[in-house]
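The values are calculated or read from the model by the stated rules, or taken from the named source; none is laboratory data. Because the structure is a prediction, the values reported are computed rather than measured. Please note: Cβ atoms are built from the backbone with ideal geometry, for glycine as well, and neighbour counts cover all protein chains shown. Protein only, heavy atoms only, side chains kept; ligands, DNA and RNA dropped before computing areas. Shrake-Rupley method; radii C 1.70, N 1.55, O 1.52, S 1.80 Å.
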Amino acid sequence: MTSTEKRLSPDTIVNFIGDIFNRRGAESYLGEPVTMSQHMLQGAFRAEQSGASDELIAAALLHDVGHYTSEFPEDALEKGVNNYHDSAGAAVLAPFFPKLVVDCVRYHVAAKRYLCATDPSYFNRLSEASVNSLKLQGGPMSADEVAAFRSNPNLDDILQVRFWDEDGKDPDLETPPFEHYAPVLQRVVERFSAGQG
Ligand code: FE
C-alpha cells in the first residue's frame, strides 16, 4: 500500500481501524490468554455494559491500537515521538478523536503506574504479564509523578478505561465483533470533526 492510499481522513479512519482488527486481531496479546482483538473488544464490551458514553467505549476499544504502529501511515507518527504503544496509539487517533479519547489511550500505561502507587489493592488485579511489563514501564509512579498525573482533568475516565483494560483478559468472555462498535466510533469521529468545523 502506498502512503497516499493510507492517508487517513474522518471518512476512512474507522475502516482503517477495522481492517487492523480483522487482519491482525488474532495475534496474541503479550502473554495474556486472549488475542489482541478479544482484549480490545472485551474492554469495549465492559464499557458498553456499564452504560459508558460513546467516547469511553471508543477509548476502551482503541487503547491498544498503538501495538500496530507498523500499519500506521508515516505521517501519523511525528518525528521524535517514541514508539511506545500508548503514545503511538494517541498519535494516530488525535486528528480524528476528541481529547478525552486520546488522553485515555495516551495515559493507559501511566494509569497503571499511577494506580500501583496510590491504590494498594490495585496491584493484585494485575495479570502476571502486566506485572512483568510494569517494571519496563518505569514501575509505580513517584510522588511527583502522581501529583502531576492527578492534575489531568480527564483523570477519572483515564482510570476507568484502565480498569476495563484489566477486565479484558478473560478467555471465556464472548463479545460482539468489531462491526458492532464501528458505528459508535463513526459517531465519535463525526461529532469531533463537526466540532472542529
Ligand atoms: Fe490493554
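Here are some notes:
- Counting all C-alpha pairs of the chain, share separated by more than 23 Å (%): 41 percent
- Extreme residue, positive dipole direction of the chain, given options F72, F149, A47 (C-beta unit charges): F149
- Accessible carbon and sulfur surface of the chain relative to its total accessible area, %, 1.4 Å: 50 percent
- Average accessible surface area per residue within the chain, 1.4 Å rolling probe, Å²: 49 Å²
- Residue-by-residue Karplus 3J(HN,Hα) for the range 35-43, coefficients 6.51, -1.76, 1.60, Hz, glycine and proline x: 7, 4, 5, 4, 4, 6, 5, 5, x
- Within straight-line cross-link reach of K99, aspartates and glutamates at Cα separation under 12 Å, skipping those fewer than 8 residues along the same chain: E55, D157
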